[in-house]
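Enquirer: This is the structure I have questions about; it appears just below.
The values are calculated or read from the model by the stated rules, or taken from the named source; none is laboratory data. Keep in mind that this is a model prediction, so the values were computed, not measured. Ligands, DNA and RNA are excluded from the accessible area calculation, which covers all protein heavy atoms including side chains. Shrake-Rupley method; radii C 1.70, N 1.55, O 1.52, S 1.80 Å.
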Amino acid sequence: MGGKGESMTLVRRAVATAAVTAVAAAVGLLAPPPSRATTDPPPLGWLHVEHPAAGTPPVIADEAGREVILRGTNTTGLYRNHDDEDRYPGTEPKPQDPAAYEG
């Protein structure tokens with residue numbers, strides 16, 4: 001089996017591995033955190049209702065006319081839900097005429 005020389009080689013390898021691991025850990029702890037963007041995101045432009053074509057539903061669009069999808073919003077108030085009229089008697093349905101929302 002192995003002699004004294006082989007045992008010393010194993011010990012040296014173990015010490016070297018421990019040293020490399022310690023240095024790598026120290027470098028990782030001392031390294032600065034990754035830099036973050038220091039500038040604010042560009043401001044969101046004005047949104048409006050775009051009427052793309054006759055017969056298609058209107059969409060929310062940005063200043064360039066591109067459709068904008070609002071994530072995390074509750075759009076149930078944007079349409080007339082006849083079920084709500086039965087569950088909540090006495091509430092007025094939302095006006096369907098766009099002129100009611102102007103101004």
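Enquirer: Go through (1) modelled with pLDDT of 70 or more; (2) open to solvent by less than 90 Å² (accessible area, probe 1.4 Å) and name the single condition ARG13 misses.
Expert: (2)
Yes/no matrix, rows are residues, columns are (1) part of a helix (DSSP H, G or I); (2) within 20 Å of PRO98 (Cα to Cα); (3) under 25 Å from the mean Cα position of the chain (by Cα); (4) modelled with pLDDT of 70 or more:
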| site | (1), (2), (3), (4) |
| --- | --- |
| ALA24 | yes, no, no, yes |
| THR39 | no, no, yes, yes |
| PRO43 | no, no, yes, yes |
| PRO52 | no, yes, no, yes |
| PRO57 | no, yes, no, yes |
| GLY65 | no, yes, yes, yes |
| ILE69 | no, no, yes, yes |
